[in-house]
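Just so it is clear, none of the values below were taken in a lab; they were calculated from the coordinates. Here the structure is a predicted model, which means the values were calculated and not measured. Here Cβ is always computed from backbone atoms with ideal geometry, including for glycine, and neighbour counts include all displayed protein chains.
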Amino acid sequence: MNRFEYVPAKLQEDESFVGKHDNIKIYNGHEKTHFEDGEVVLTTHRLFWGKPGQISRGEVILCLHFKYVVGIDEEQASSFIFGKKTRVIFNLRPPLEDKTPGPFDSSSAHFIKLSGRHGLAIEFIETIKETINARIWEIKSTSVDMVSVTQKTEVVPRIKLRTGITGIERSIVEKQKQTDESIAAAFQDLKVLMTMAKEMVGISKAISQKIKERKGEISEDETVKFKSYLMSLGIDDPVTRNSFASTSEYYKSLSNEICGILLDPIEEIGGMMSLADAYCRINRARGLELLSPEDVLDSCRLLNGPIKLRQFPSGAMVLELESQEEKYVSIETAEKVEEHGSLSVEELAKLFGISMILSRERLLAAERNGKICRDESIEGLRYYPNLFLR
């Protein structure tokens with residue numbers, strides 16, 4: 001424990017946030033310490049430990065620089081109450097003479113342990129190992145003291161690439177898994193749709209045959225059944241390009257159809273919907289008459305109420321109600337932020353039940369209008385009520 005230092009919870013210029021873990025206690029060798037139930041924040045250069053809230057407030061907390069770490073081990077422990085759990089052991093080299101003060105002036109132990117009520121998550125342990133193996137803190141010191149600026153620009157990207165490979169591979173595997181699940185679900189829906197389509201064709205042929213033979217009117221049961229199949233697919237008579245002589249008339253009629261499809265859903269989710277979500281809903285409602293992204297975008301440009309197309313400064317495009325002016329959105333967002341003390345993009349998205357893109361744009365709009373202000377720390381980006389204008 002004499003390798004730990006007391007430092008403010010602030011990132012250095014060349015340091016980046018990696019991850020964090022809750023409910024962690026520190027062992028000085030095999031001995032327990034009073035540093036329990038704290039938060040651990042992992043960066044590219046250091047390991048921070050503090051009580052809940054200390055790190056987010058930037059207070060002075062414990063810090064272990066990775067330059068003292070010579071190796072990482074794991075230890076399996078068991079408890080009658082909490083069962084088996086995994087601890088992480090940091091093997092350390094002796095402290096340097098220029099080390100700043102910490103909780104212990106001296107210690108006979110050459111290692112520390114991180115543990116918790118249920119141990120450490122496997123993913124967090126792997127992240128620690130990858131961060132230590134990358135040794136990014138050495139790149140900065142070497143580039144300043146021993147190599148020229150030209151050599152520095154050649155070395156740093158090489159390490160960044162090395163540390164990102166594992167993350168990229170995991171992302172690819174996750175995307176493949178999600179794609180497989182989506183394809184499987186799509187084929188299930190397709191089987192139902194094909195069965196429904198066969199029944200619809202059979203009914204339509206029977207109707208056409210009766211009309212041709214003029215043997216009587218269509219029965220009420222057949223009419224109801226035919227309409228129910230059409231309604232289950234969405235729009236029973238979607239707008240198609242072949243029905244219009246000019247492209248402008250087609251887009252105008254399509255914009256009216258889109259307004260009818262999306263008006264109620266947009267009102268239900270608070271008055272705003274991303275263009276990507278709108279595209280999915282439109283094609284879902286149109287059944288087999290699918291639209292291209294270009295047709296949807298060109299039609300949305302012609303909307304003249306009560307829905308309109310809006311493009312944010314970031315480039316994100318949404319469909320929103322005409323009554324959804326930025327100042328009212330800013331006030332509503334600021335009220336949520338003040339109600340909860342502070343909010344991140346993810347937290348606001350959950351509160352409103354909207355996508356991350358719309359949540360981010362809401363916060364940026366409120367920030368532009370001076371209702372809230374941002375704070376960036378090692379825990380990420382959060383927004384707080386703007387107390388300067390009160």
Q.
Can you tell me the length gained on complete extension of the stretch Leu302 to Lys32, counting 0.36 nm per residue apart and subtracting the Cα distance?
A. 90.4 nm
(Q) Using Cβ contacts closer than 10 Å as the measure, can you line up Glu126, Glu97 from fewest to most? (A) Glu97, Glu126
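Arrange His30, His65 by Cβ neighbour counts within 10 Å, fewest through most, would you? It would help to have the intermediate numbers written out before the result.
Working: His30 8, His65 18.
Ascending number of Cβ neighbours within 10 Å: His30, His65.
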Q. Expressed in nm to one decimal, what extension gain is obtained for the pair Asn369 and Glu75 from 0.36 nm per residue of sequence separation less their Cα-Cα distance?
A. 100.6 nm
Q.
I want to verify the translational diffusion coefficient of the stretch 1-126 in µm²/s; compute it with Stokes-Einstein, Rh as the Kirkwood radius over Cα pairs, at 20 °C and 1.002 mPa s.
A. 144
Q: Pop the C-beta distance of Arg57 and Glu325 into the FRET formula with R0 = 41 Å and round what comes out to the nearest 0.05.
A: 0.70
Q) Suppose R0 equals 25 Å; then what is the FRET efficiency for Glu15 and Glu346 from their Cβ-Cβ distance, rounded to the nearest 0.05? A) 0.65
